[in-house]
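As structure tokens, the structure follows; a few thoughts come after it.
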Amino acid sequence: MLTPGPSQIDTNLIGPDAGHYVYKNLAHYNSQAVYCRNAINSSNRGIGLALVELLLRDPSNIVIATTRKPDSESLQKLVERVNIPGQDTRLHIVRLDVQKPDEAQWAADVVGTLVPGGIDYFVGNAGVNYQPETAFDDLDLDLFLEELKYYTVDVIRLLRPFLPLILKSNTKKVALLTSILSSLDLAKQLHDISYPYSVAKAALNMLAVKWGCALAPKGVLMSVIHPGWVKTEMGDSVKRRSIATLARCGMTVPQIPAEESAEAVVKVIKAITSPSTNGLYNYDGSILPCFISRLLLRTRTTNQDTSAASFYRIYTFFVLHDNIAFRNELEYFCRSHPEWPVSSLPDPRTSSASNDDPSTSNNSSHDGQVRFTILAVLTRLLCDAFNRRIELGLPRDAPAIIEDFEELQARPKVYEEPPEWAKLVQPLPEILFIPNDEGRELAEDDEDVSPEFKDVNIIVQMPHIHFI
């Protein structure tokens, strides 16, 4: 419902049925075209309401707030406070239920009469979490399907009718709010929180990236933003489970007020200036999934990659229990760069090697000793992995598609050896237990314990080093 102000001199009640009210004012359309026009859906509470209130602090902004509950007390109070008699209307409330097929087109038609100059910023904020603590075995699959539809099909249905208005603007920014629970990098650590919601938000991320690429040539900047763990009804619905999970992972994530989240989200949206900066953002402005993606992108996409840099990525993935990235990096080192002998890896205690190791600064001597010992053992595992292939007749420079295996087997076998510094490593003075990817410490006599690490008093699960 768009509430008419006393200054409106020519009003007409329009809507698809008696339950939808919006007033159009023919007297002040042109005066609105110069302002920053913002459309926010699901704006009657939580983050949506906080975004509306924040944007209205700027007197040059015009805000279109869409909601299933246009008569909500919170929005009506805003209307009374913001829409001053005798001045242009700055807050318009339009009824819109994204799950009703015809309402998005109707709402877009109405908004087009309110801001004929187009929409500068479109924020998709609506969200549901139908089964926040339900186990997979107990999921209501119809509800699961409804949630998937909500974050995919319904998003397309919502946004498509508004695209002509977005394209009219010079700004053309679309932001869809997602969740860090959709991050594949953190899925294992946060595996027991909101199964359907996490899956559906991951689908939203892919939709936004794919659609954003398709719209980029038209100047549209589409992004997905994690607004933080916010103190809202939905955020509180997973509080008990989230606190337990975060404690288990040793992570600390603050629950922030909706107002703080809104300020951060607006800051991120304004910072996006080109299609190259589109992506999945955290509310602090960092790009998700941040660490591993940047780690690989920084080196592999340049001509400056080195054996030491790749080796330290192997070390990092080992420590993070990222088995897939560990195995992939191991294979990359072996097959993509056969000119990198393991024996030439520099001693990590030297300054030149430290330049390739992002973890060498500000560490105690004990931490440095542990890191050095792990690195030394990893060189042995590299040799074990590579030499197994070599023994079978697969040298490191073997082609991906082998047409003459006999020729490869006939080559002289050149085996890898650890560097000299790694051969001199001594056992740690005390046994160190490294938990596996499930957070469980293995017993010393567990069959899954790596014998190479056990020899130096480190009890850790044997990593996946063989890739044939």
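The values are calculated or read from the model by the stated rules, or taken from the named source; none is laboratory data. Treat the numbers as computed from the prediction; the structure is a model and nothing was measured. Note that each Cβ is placed from the backbone with ideal geometry, even for glycine, and that neighbours are counted across all protein chains shown. Just so you know, the surface numbers come from the protein's heavy atoms only, side chains and all, with ligands and any DNA or RNA stripped out. Shrake-Rupley method; radii C 1.70, N 1.55, O 1.52, S 1.80 Å.
Looking at this structure, is Arg396 assigned to a loop (DSSP other than H, G, I, E, B) and touching a residue at least 40 places away in the same chain (Cβ under 8 Å)?
Against the criterion (assigned to a loop (DSSP other than H, G, I, E, B) and touching a residue at least 40 places away in the same chain (Cβ under 8 Å)), Arg396 qualifies.
For Lys413, indicate whether it is open to solvent by 70 Å² or more (accessible area, probe 1.4 Å), free of Cβ contacts under 8 Å to residues at least 40 places away in the same chain, on the phi < 0 side of the Ramachandran plot and touching a helix residue (DSSP H, G or I) at 6+ places or on another chain (Cβ under 6 Å).
For Lys413, the condition - open to solvent by 70 Å² or more (accessible area, probe 1.4 Å), free of Cβ contacts under 8 Å to residues at least 40 places away in the same chain, on the phi < 0 side of the Ramachandran plot and touching a helix residue (DSSP H, G or I) at 6+ places or on another chain (Cβ under 6 Å) - is met.
Look at the range 417-457 and say how many of its residues are open to solvent by less than 70 Å² (accessible area, probe 1.4 Å) and in contact with a Ser or Thr (Cβ under 7 Å, 6 or more places away or on another chain).
6
For Glu406, work out the one condition from (1) more than 17 Å from Arg335 (Cα to Cα); (2) at pLDDT 90 or above; (3) open to solvent by 90 Å² or more (accessible area, probe 1.4 Å) it doesn't fulfil.
Just one mismatch for Glu406, condition (2).
Identify all residues within the range 45-59 that are touching a Ser or Thr at 6+ places or on another chain (Cβ under 9 Å) and closer than 15 Å to Ile269 by Cβ; write none if there are none.
Ile47, Gly48, Ala50, Leu51, Val52
Of the residues in the range 311-353, how many are at pLDDT below 85 and not in a helix (DSSP H, G or I)?
5
What pairs come up if the first residue lies in the range 89-103 and is over 26 Å from Glu147 (Cα atoms), the second is open to solvent by less than 20 Å² (accessible area, probe 1.4 Å) and part of a strand (DSSP E or B), and their beta carbons are under 6 Å apart, counting only those six or more places apart or on different chains?
Short answer, once both residue conditions are applied: Arg90/Ile62; Leu91/Val63; His92/Ile64.
I'd like to check something: does the range 112-121 contain any residue that is closer than 23 Å to Val268 by Cβ and among the charged types (D, E, K, R)?
Within the range 112-121, one or more residues are closer than 23 Å to Val268 by Cβ and among the charged types (D, E, K, R).
Taking the options Ala175, Ala107, name whichever one is of a type in the set (A, V, I, L, M, F, W, C), more than 23 Å from the chain's Cα centre (by Cα) and open to solvent by less than 10 Å² (accessible area, probe 1.4 Å).
Numbers: Ala175 fails: more than 23 Å from the chain's Cα centre (by Cα).
None of the other options fit; the residue is Ala107.
Can you list residue pairs whose Cβ atoms sit under 7 Å apart, with the first residue in the range 443-457 being in contact (Cβ under 8 Å) with a residue 60 or more places away in the chain and within 23 Å of Ala422 (Cα to Cα) and the second being charged (D, E, K, R) and surrounded by 11 or more Cβ atoms within 10 Å (Cβ to Cβ)? Count only pairs 6 or more apart in sequence or on different chains.
Note: pairs meeting the criteria are Glu452/Arg380.
Condition test on Thr67, is it hydroxyl-bearing (Ser, Thr, Tyr) and surrounded by fewer than 23 Cβ atoms within 10 Å (Cβ to Cβ)?
Working: hydroxyl-bearing (Ser, Thr, Tyr): yes; surrounded by fewer than 23 Cβ atoms within 10 Å (Cβ to Cβ): no.
In short, no.
Let me spell it out: the conditions are (1) exposed (fewer than 15 other Cβ atoms within 10 Å of the Cβ); (2) at pLDDT 75 or above, and Pro227 meets all of them except one. Which number is the exception?
(1)
For the range 110-139, enumerate the residues that are open to solvent by less than 60 Å² (accessible area, probe 1.4 Å) and among the hydrophobic types (A, V, I, L, M, F, W, C). Working first, answer last.
Keep residues of the range 110-139 that are open to solvent by less than 60 Å² (accessible area, probe 1.4 Å), which gives 110-129, 131-132, 134-135, 139.
Within the range 110-139, Val110, Val111, Leu114, Val115, Ile119, Phe122, Val123, Ala126, Val128, Ala135, Leu139 meet the criteria.
State which residue pairs qualify: first residue within 15 Å of Val123 (Cα to Cα) and among the basic types (Lys, Arg) and inside the range 165-181, second residue part of a helix (DSSP H, G or I) and open to solvent by less than 10 Å² (accessible area, probe 1.4 Å) in any location, beta carbons under 7 Å apart, and separation of 6 or more residues or different chains.
Lys172/Ile166
Restricting to the range 140-172, count the residues that are more than 18 Å from Ile64 (Cβ to Cβ), touching a helix residue (DSSP H, G or I) at 6+ places or on another chain (Cβ under 8 Å) and open to solvent by less than 20 Å² (accessible area, probe 1.4 Å).
Going through the range 140-172, the residues more than 18 Å from Ile64 (Cβ to Cβ) turn out to be 140-154, 156.
If we keep only those that are touching a helix residue (DSSP H, G or I) at 6+ places or on another chain (Cβ under 8 Å) as well, we get 143-144, 147-148, 150-152, 156.
Filter once more, so that each one left must be open to solvent by less than 20 Å² (accessible area, probe 1.4 Å): 147, 151.
Of the residues in the range 140-172, 2 are more than 18 Å from Ile64 (Cβ to Cβ), touching a helix residue (DSSP H, G or I) at 6+ places or on another chain (Cβ under 8 Å) and open to solvent by less than 20 Å² (accessible area, probe 1.4 Å).
Filter the range 316-339 for residues that are more than 22 Å from the chain's Cα centre (by Cα) and surrounded by fewer than 19 Cβ atoms within 10 Å (Cβ to Cβ); which is nearest to Arg371 (Cα to Cα)?
Only one residue fits best here, namely Arg327.
Just to be sure before I move on: is Ile465 of a type in the set (A, V, I, L, M, F, W, C), without any contact (Cβ under 8 Å) to a residue 60 or more places away in the chain, in contact with a helix residue (DSSP H, G or I) (Cβ under 8 Å, 6 or more places away or on another chain) and assigned to a loop (DSSP other than H, G, I, E, B) in the structure I sent?
Values: of a type in the set (A, V, I, L, M, F, W, C): yes; without any contact (Cβ under 8 Å) to a residue 60 or more places away in the chain: no; in contact with a helix residue (DSSP H, G or I) (Cβ under 8 Å, 6 or more places away or on another chain): yes; assigned to a loop (DSSP other than H, G, I, E, B): yes.
No: the conditions fail for Ile465.
Which residues, taken from the range 188-206, are open to solvent by 30 Å² or more (accessible area, probe 1.4 Å) and modelled with pLDDT of 90 or more?
If the condition is that a residue be open to solvent by 30 Å² or more (accessible area, probe 1.4 Å) and modelled with pLDDT of 90 or more, then Val199, Ala202, Ala203, Met206 are the ones that fit.
Would you call Arg248 under 24 Å from Gly439 (Cβ atoms), at pLDDT below 80 and either surrounded by 15 or more Cβ atoms within 10 Å (Cβ to Cβ) or out of contact with any helix residue (DSSP H, G or I) (no Cβ under 6 Å at 6 or more places or on another chain) (or both)?
Details: under 24 Å from Gly439 (Cβ atoms): yes; at pLDDT below 80: yes; either surrounded by 15 or more Cβ atoms within 10 Å (Cβ to Cβ) or out of contact with any helix residue (DSSP H, G or I) (no Cβ under 6 Å at 6 or more places or on another chain) (or both): yes.
Judged against the criteria, Arg248 is a match.
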